[in-house]
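The values are calculated or read from the model by the stated rules, or taken from the named source; none is laboratory data. Just so it is clear, the structure is predicted and the values come from calculations on it, not from any experiment. Note that we place each Cβ from the backbone using ideal geometry, even for glycine, and neighbour counts take in every protein chain shown.
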Amino acid sequence: MLESYGWSHELQSQFDQYAARGLVPARVTVQQRGLYTLASALGELTATLAGRFSFEAEAGAYPVAGDWVAVAARAEEGTATIHDVLPRKTAFIRKAAGPTLAEQVIAANVETAFLVTSLNADLSLRRLERYLTTAWESGAQPAIVLTKADLCDDVESAVFDVESIAFGVPVHAVSAVSGRGLDDLRSYLRPGRTAVLLGSSGVGKSTLVNALAGTELLATQAIREDDARGRHTTTHRELVLLPVGGLILDTPGMRELGLWDAADGVSGAFEDVETLFADCRFNDCAHDAEPDCAVRAALAEGTLDSTRWESYVKLQRELAHLERKGDPRAMTAERKKWVQRSKAHRTTVW
């Protein structure tokens, strides 16, 4: 059973230390308000966190859907206690919603990130750029999924617009009604591989899972007619094993997607923009009023869209703001840097 959920020889070697303690491996399939549903070799288990782990775990280390965990199982009761989380291969992380400065892990251990938006009035290239940034930072391979193609009068034009900001990322127009594009998505879902669906409410993520599964696994709800935006149907993260053998992780729609430690992700999502920097006259060009600035030239020539440049600048400002507000990772890195300098100084002095 575990192999169908992605268990591998590599994971087994990582788990040896836990097996020596009498623990067994399991994968989190449902995460909801401190309770977890796990897939294990002993069958489905309902789990809670061990007290010590809950007390000692750092921010972002609590189990999420897609995680592999080490558990003390009580098979006769169908329950378990989670004692640790195995190292994540990939992790989709955002800034926690609201004013709190904290990270929130949305999904873990996925190979593909399906960035889902519908072909209606709510289609936003700027939002897709933000999702692409976070997807590249996660370590997963992104693919853009444009749903409800059957309701769009000019699919080709919409795909062209999306491709203009999705360099090197495949773009799929699909319809759960007509079946258009579903086989393209199934090609990502080979046995043992996991994809996550990420997007706003009402874009058709749960409907897409049902279409790929060929049965009604998840509840769905129609979007609002007045603004083409969705109602929240999915209230928790759920990992679904599909008949084709792959796994797909459905997530609730996100009203906001704040960046978190995503400098590399910005570079991945805006590779076309940052490539221009090498052609600027000055290495420290601010791309404002300096002479021979490749960015300003591209903007003047129209080869770089002004809204895309403004989006890049906005995301960079957001990352800088996080650092100024005390991003824990940035603070840790800064402390380590000064500790190393201090040690080097003491060595030199003495």
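Take the range 121-178 and flag every residue that is free of Cβ contacts under 8 Å to residues at least 24 places away in the same chain and either under 23 Å from the mean Cα position of the chain (by Cα) or on the phi > 0 side of the Ramachandran plot (or both). Step through it out loud before you land on a result.
So in the range 121-178, the residues free of Cβ contacts under 8 Å to residues at least 24 places away in the same chain come out as 124, 153-154, 156-157, 159-160, 163.
Hits for the range 121-178 are Ser124, Val159, Glu163.
Within the set of pairs 6+ apart or on separate chains, which have a first residue in the range 299-317 that is assigned by TED's automatic domain parsing to the domain that holds Arg126, a second that is modelled with pLDDT of 95 or more, and C-beta atoms under 9 Å apart?
none
Can you tell me which residues in the range 166-179 are surrounded by fewer than 16 Cβ atoms within 10 Å (Cβ to Cβ) and either at pLDDT below 95 or not assigned by TED's automatic domain parsing to the domain that holds Thr147 (or both)? Give the steps one after another, and end with the answer.
Taking the range 166-179 and keeping what is surrounded by fewer than 16 Cβ atoms within 10 Å (Cβ to Cβ), we get 167-168, 170, 177-179.
Matches in the range 166-179: Phe167, Gly168, Val177, Ser178, Gly179.
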